[in-house]
Amino acid sequence: MKNIMISLIGRGRKPDGGKGYIKTRYSFDNGEYISDETAFFGSALYRYLVGRGYNIDKWIVFGTNTSTWSEIIEAINSVQQEKLEEMYYKVLAEEENGITDTTLKQWERDISKFLHVNLVAVDPLDYKAYINELLNIITIGDEYKIFFDMTHAFRHMSTVLSFSLMYLKYLRDIKSIEVYYGALDMTKDVVKPVLKIDFINELFSLSTSFDLYKNSGYFPEILRDLGISNRENTYFKLELNRNPRNELKEITKELEKIEGSDNYKRETAFCIKNQLSRLYELKYLDERMVERARFFFDKKQYLKALVLLYEALIILAGRIYQIPDKQNYEKREEIRRRIKEEIRGIRDRKFIKTERVGEVFNLLEYTRNAAVHGSDPQGTQEYLEQRSYFESLFNEALDIYHEIDNSIS
């Protein structure tokens, strides 16, 4: 795994009105580690991480052309600093009015002899620059741990960079993000506290896993983030139309315990509990299939919704014909044959209450077959190519299911 440190660097202001950050010492790990005096928190964090055994594969520093780029020299020792003295004073002289790209790149090359650094000067109003640079530097093919120092520079820059990292996590294999802030103004003490803001990482993990659940129905990741582990097989059974009723009950009981915790977990747990408890409360397989069909329909997963609703109608007809829902292929075909006979008027109508029910069932079946097999739409092309037609068909079939189900309850 590669360790990437990301910092922001700004201009800073000394009490006498001069340029540069006030020198101070920082306290890490509740005072277990105190940094040397430094004007740039990024250098203190870099030394701290290296001292904790992390090999920083890349240190990316974002700033503007007037940032105090010279202060990055504090991340290296005094012997190494002496070797960079001439270039240091050149950078120091230029940065007041704006360092040139050429000088900044040379400064980057010189410091890179001692640590792996990328110095990135951006226009502070170019909000796309951060994610574009990150995508160029952090490449596909490796796993990454990110250490994000959000201390310096314009406040909006750290905000934009934070959201850029959230997006980056979808595009690169980022295993974790640690966020640090050097709280210079939090106390009047000589040594300033360092905030390791782990809660940001927790919120990000919760938001991404809950988003996954809300859009796909996949719940093991959000349950894990809520403290409920090892539920992948429960989801697997549910996806394959098994009935893990006891497992779902266990999950909802655990979610009820979470409902008594902090608000940010309570509402998420409440939402998931309501949806999962609905599934184990339903008695019949076709009812559970319809519940899932509606769920996926709302999430625009139309193929899943279509297949589940069609199969639910078949199994509902089996209940009417008193054919058990644990059907083999022959029993299922018998149900279909009897439905077709009812549609053609050959058999007394138990399932087909009106002519329209037969028409809708046929349309649903033809649409389902064409969608699943990629076959000739057989007159149902508009239902496969125009969403409004498909949604109307689905909703009418759903209404028919409920009408028939209520009549036999």
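Remarks
- Yes/no for Asp211 being open to solvent by 30 Å² or more (accessible area, probe 1.4 Å), out of contact with any Ser or Thr (no Cβ under 7 Å at 6 or more places or on another chain) and closer than 30 Å to Ala39 by Cα: no
- Pair list, Cβ < 6 Å and 6+ apart or interchain, from the stretch 112-135 residues that are more than 15 Å from Ser7 (Cα to Cα) to residues that are outside any loop (DSSP other than H, G, I, E, B) and open to solvent by 30 Å² or more (accessible area, probe 1.4 Å): Phe114/Gln80; Tyr127/Val160
- Test: residue in the stretch 144-161 that is touching an Asp or Glu at 6+ places or on another chain (Cβ under 8 Å), exposed (fewer than 13 other Cβ atoms within 10 Å of the Cβ) and either part of a helix (DSSP H, G or I) or modelled with pLDDT under 90 (or both): no
- Every residue from the stretch 344-403 that is among the β-branched types (Val, Ile, Thr) and touching a residue at least 40 places away in the same chain (Cβ under 8 Å): Val357, Val360, Thr367, Val372, Ile400
- When the residues of the stretch 334-381 are filtered to those that are part of a helix (DSSP H, G or I) and among the hydroxyl-bearing types (Ser, Thr, Tyr), the one that is least open to solvent (accessible area, probe 1.4 Å) is Thr367.
- In the set Tyr218, Tyr167, Tyr181, only one residue is touching a Ser or Thr at 6+ places or on another chain (Cβ under 6 Å) and of a type in the set (Ser, Thr, Tyr); that residue is Tyr181.
- Considering the stretch 183-199, and only residues there that are farther than 13 Å from Ala39 by Cα, among the hydrophobic types (A, V, I, L, M, F, W, C) and part of a strand (DSSP E or B), the residue that is least open to solvent (accessible area, probe 1.4 Å) turns out to be Val194.
- Any helices (runs of 4 or more DSSP H) falling wholly within the stretch 234-300 and containing at least 2 residues that are open to solvent by 40 Å² or more (accessible area, probe 1.4 Å), within 19 Å of Asp211 (Cβ to Cβ) and outside the structural domain of Ile315 (by the TED database): 263-281
- Extreme residue, nearest to the chain's Cα centre (by Cα), among residues of the stretch 242-287 that are touching a residue at least 40 places away in the same chain (Cβ under 8 Å) and under 20 Å from Ser216 (Cβ atoms): Thr268
- Within the stretch 155-174, the set of residues being of a type outside the set (Gly, Ala, Ser), over 14 Å from Val122 (Cα atoms) and in contact with a Phe, Trp or Tyr (Cβ under 8 Å, 6 or more places away or on another chain) comprises Leu165, Met166, Lys169, Arg172, Asp173, Ile174.
- Some residue of the stretch 392-400 being within 18 Å of Asp286 (Cα to Cα), of a type outside the set (Gly, Ala, Ser) and open to solvent by 90 Å² or more (accessible area, probe 1.4 Å): yes
The values are calculated or read from the model by the stated rules, or taken from the named source; none is laboratory data. Just so it is clear, the structure is predicted and the values come from calculations on it, not from any experiment. A quick note on method: Cβ atoms are made from the backbone with ideal geometry, for glycine too, and the neighbour counts reach across all protein chains shown. Heavy atoms of the whole protein, side chains included, go into the accessibility calculation; ligands, DNA and RNA do not. Shrake-Rupley method; radii C 1.70, N 1.55, O 1.52, S 1.80 Å.
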